[in-house]
Every structure is written in structure tokens, then in C-alpha cells.
Amino acid sequence: MMVKDELRKAKTQRSPRPPARILGVETSCDETAASIVENGRVILSSIVASQVDLHAQFGGIFPEVASRQHILSIYSVVEKALQQAHLTIKDVDAIAVTRGPGLPGSLVVGMNFAKGLALGSSLPIIGINHLEGHLYSPWLYRADEEPKPEPEFPLLALVVSGGHSELILIQDHITYQRLGGTLDDAAGEAFDKIARLLGLSYPGGPSIQKAAENGNPHRFEFPRAWLEGSWNFSFSGLKTAVLRVVRKLEEQDQPLPVADLAASFQAAVVEVLAGKTMLAANEFNPRELLIAGGVSANRALRQAVQEQDEFPVHIPPIWLCTDNAAMIAGAGYYRFTDNQRDALDMDVLPNWPVSEL
Ligand code: KG4
Ligand code: ZN
């Protein structure tokens with residue numbers, strides 16, 4: 001009987017993927033992004049036009065403002081991605097565009113632009129799930145960097161972003177088994193909401209991380225929702241617990257110990273995210289771990305998963321944790337070389353779950 005490793009090797013040897021350059025387009029939230037990636041791994045260019053400053057005044061993303069800003073930025077962002085790679089659209093083999101999940105009005109801008117470009121240049125178009133994009137971010141490296149070791153299957157992945165917190169087993173390229181996800185707020189959403197409560201700036205993740213640097217993570221023992229017997233997460237109880245402490249201190253006219261609150265909150269989120277990932281790793285025994293999504297930029301979370309030495313861990317560099325189009329082009333390569341092509345009448349899927357991939 002062939003052991004697993006031999007089977008995997010045989011499979012790779014049977015089907016080497018052909019070379020291809022993919023143009024990725026991403027507009028699911030508040031970043032307008034385009035990128036060219038070669039062979040699913042090498043970033044030839046990556047342009048991200050962030051709308052953070054625009055939304056900071058609202059303390060969160062204002063959907064209509066986001067979609068209109070995408071319209072203003074998309075043409076020049078794609079043009080710059082081609083220029084930075086010293087390529088023209090004729091040098092590209094396919095266009096991969098984020099189809100969902102995300103804000104409908106924002107997704108539509110990238111989708112329509114990508115369709116127009118595909119039609120005008122006779123290129124195939126492939127709709128990509130944004131979370132699948134995040135999953136492919138650890139494969140990427142810049143053309144001027146040393147190639148990174150390729151993640152090895154089966155992988156256990158934790159994807160933590162502003163909209164999602166998911167535990168996923170990746171058996172092989174584009175082969176997923178969703179184990180669980182958040183029942184209420186996503187991890188990033190919890191960071192953003194607590195930051196607002198503490199008077200910290202948007203986006204909340206980096207602000208909480210910074211405030212927490214000078215804080216005592218043990219000052220407040222906030223609840224950890226382990227949800228034993230499932231691979232789900234819940235952060236609403238934690239959010240309510242922080243809110244209760246803040247209200248009590250306000251009623252007593254006491255100044256908010258922002259650093260201690262931020263550190264204690266961050267410790268509770270990180271302990272559950274890292275803890276449940278390790279529990280799942282021990283249960284499913286993957287070869288390696290993969291952490292991705294905006295919250296994977298968090299230093300405490302990175303440290304917590306890198307501290308263990310049972311499983312090698314792949315985490316993208318900080319600039320590839322948050323939204324970008326290189327990850328969409330990366331995922332697009334594996335779908336393109338698996339012969340996926342989408343029709344020009346495909347619609348966006350604002351609530352597209354990983355379980356349907
Ligand atoms: O993946 P992403 O850029 O967009 C979505 O797909 O949602 O994730 C954005 C989320 C935001 O909620 C942001 O607060 C969070 O990632 N984030 C962080 C950090 N950097 C970004 N959360 C914790 N610590 C960070 N350093
Ligand atoms: Zn994202």
C-alpha cells in the first residue's frame with residue numbers, strides 16, 4: 001500500500017501545472033487592488049489603494065462611499081499593476097476577480113471592470129472566493145525575494161478577517177473541508193468594535209495591538225468562549241463583558257484604563273484563536289498549519305501560534321495579511337490550471353460561504 005506521502009508525490013508528478021500569469025482584481029471591501037502573479041507564487045506587481053482615511057471619519061466602512069471610491073480608483077490601480085510588472089494585458093493569461101463574500105456594491109465594481117477587460121482582451125475570467133484568496137496568501141513571495149517553502153498538504157487553516165473567522169482543513173489545492181466558524185462577530189469585527197468603544201481609531205486591530213503594548217493582559221479576566229465539542233467561535237460574550245466594564249467605569253466617573261482593557265481583550269481573543277487551532281490540529285493531525293486574513297497581522301496571535309513546535313506554521317508577511325489582489329491572482333492560478341472558467345454573466349456572491357467551494 002502506498003503511504004500518503006508517496007500518493008501525494010505521485011499526484012504532483014502526474015499533473016505538473018503549466019506556467020501562467022494571472023491578473024488579480026480585488027474590491028470586496030475598502031481596498032481597491034490589482035496584482036500580477038506568476039505560477040501562483042511569484043508577485044510581479046501588487047497595487048493596493050486603501051480607503052482607510054476616507055472611512056476613518058465614520059469609524060467604520062460606509063458601503064456607498066466604498067463602492068464609489070472603487071469606481072474612481074479601479075482603472076488606475078489595474079493600469080499601475082501592469083506598469084509595475086513591465087507587462088501589457090497581452091502578457092496575461094487570465095483574469096481572476098473576487099466574486100464574494102463582501103459588500104455587494106464594492107464587489108460589483110471589480111467584477112464589472114474585470115468582465116470588460118476580459119471581453120476587450122479575449123481573456124478567460126475566473127471568479128474567486130475572497131477567503132480562498134486569503135488561504136493562498138502564504139504561497140506568495142515577491143519576484144526579488146528568495147522563494148519561500150511551499151505549504152504542504154494536508155493543512156489546517158485559520159482564516160481570521162474583518163468578516164470571517166474560519167477553521168478549514170485543506171486536503172489539496174482547492175479541496176476544502178470547513179470545520180467551523182464564528183457564530184456571531186468575526187475576530188476582526190470584534191477588534192474594530194472594541195476599538196471604537198475604547199475611543200481608538202479605525203481600523204481597530206492595529207489600534208488595539210498598539211494600545212495593548214503598554215497594557216496588562218491580566219488586569220481584566222474576560223471570558224473565553226471555548227464552545228467545546230464544536231470548531232466554532234463566538235466573540236459576542238467577550239464584547240459584552242468589555243462593554244460592561246467600560247460602562248461601570250464611566251458611571252463611576254473613572255478614566256478608562258485603555259491599555260489594560262485593550263491588552264486583556266486581545267489576550268482573550270488570541271488565546272481562543274490559537275488554542276482552538278491547536279486543539280483542531282491535534283484532532284485532525286495536518287502536516288502543517290496556515291494562518292491568514294487581516295487579524296493574522298496581529299503580533300500576539302503570530303507569537304502564540306509560532307511558539308508551539310509540533311507543526312510548521314505558514315503565516316503571510318504583514319503586508320499580505322490584509323486585503324490585496326496578489327492572493328486573488330494566486331488562488332486564480334490554481335483554479336485556472338484546473339480548467340475553471342467563468343461566464344461573462346456571472347454575478348457577485350456577497351454571502352458566498354467556504355462550505356460551497
Ligand atoms: O482581511 P482583511 O484585510 O479584510 C477582510 O477581509 O475583512 O481584515 C481586516 C480586519 C479588520 O477587522 C482589522 O481590524 C483586522 O483585520 N486587523 C487586525 C490587525 N490588522 C488588521 N486585527 C488585529 N491585529 C492587527 N494587527
Ligand atoms: Zn480579507
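Remarks
- Proximal charge balance of residue 32 [Cβ under 10 Å; K/R count +1, D/E count -1]: -4
- Cα centroid separation, segment 18-84 to segment 278-293: 30 Å.
- Straight-line reach from residue 115: taking Cα to Cα under 14 Å and skipping same-chain neighbours fewer than 8 places apart, the aspartates and glutamates in range are 26, 342, 345, 347.
- Kirkwood-based Rg to Rh ratio, segment 34-120, C-alpha trace: 0.99
- Remark: segment 212-348 projects, on average over all directions, an area of 12.3 nm² (convex hull of Cα atoms).
- Taking the number of Cβ atoms within 10 Å of each Cβ as an exposure proxy, the fewest-first ranking of 334, 141 is 141, 334.
- As a rough footprinting exposure proxy, the listed residues 32, 277, 175 were ranked by other beta carbons within 10 Å of their own, and the order from fewest upward is 175, 277, 32.
- Taking 136, 75 and counting other C-beta atoms within 10 Å, the order from fewest to most: 75, 136
- Within a Gaussian network of the chain (alpha carbon springs, distance under 10 Å), most fluctuating of 179, 198, 256: 256
- Value at 222 nm in deg cm²/dmol, rounded to 500, when DSSP H runs of n ≥ 4 in the chain each add -39,500 (n - 2.57): -13000 deg cm²/dmol
- Protection proxy ranking, peptides 84-97, 224-237, average beta carbon neighbours within 10 Å, highest first: 84-97, 224-237
- Zero-based 5 Å bins, Cα pair distances in segment 269-353, whole percents: 3, 12, 17, 19, 16, 15, 10, 6, 2, 0
- At 1.002 mPa s and 20 °C, Stokes D of the chain from Kirkwood alpha-carbon radius, µm² per second: 102 µm²/s
- Rg over Rh [alpha-carbon atoms, Kirkwood Rh] for segment 299-342: 1.15
- Across segment 67-187, Cα-Cα pairs farther apart than 21 Å form 53% of the total.
- Residue among 111, 327, 346 with the largest mean-square fluctuation in a Gaussian network model of the chain, springs linking Cα atoms under 10 Å: 346
- Most fluctuating residue given options 241, 326, 187, as computed from a GNM of the chain linking Cα atoms under 10 Å: 241
No value in this document is a laboratory result; all are computed from the given coordinates. Here the structure is a predicted model, which means the values were calculated and not measured. A quick note on method: Cβ atoms are made from the backbone with ideal geometry, for glycine too, and the neighbour counts reach across all protein chains shown.
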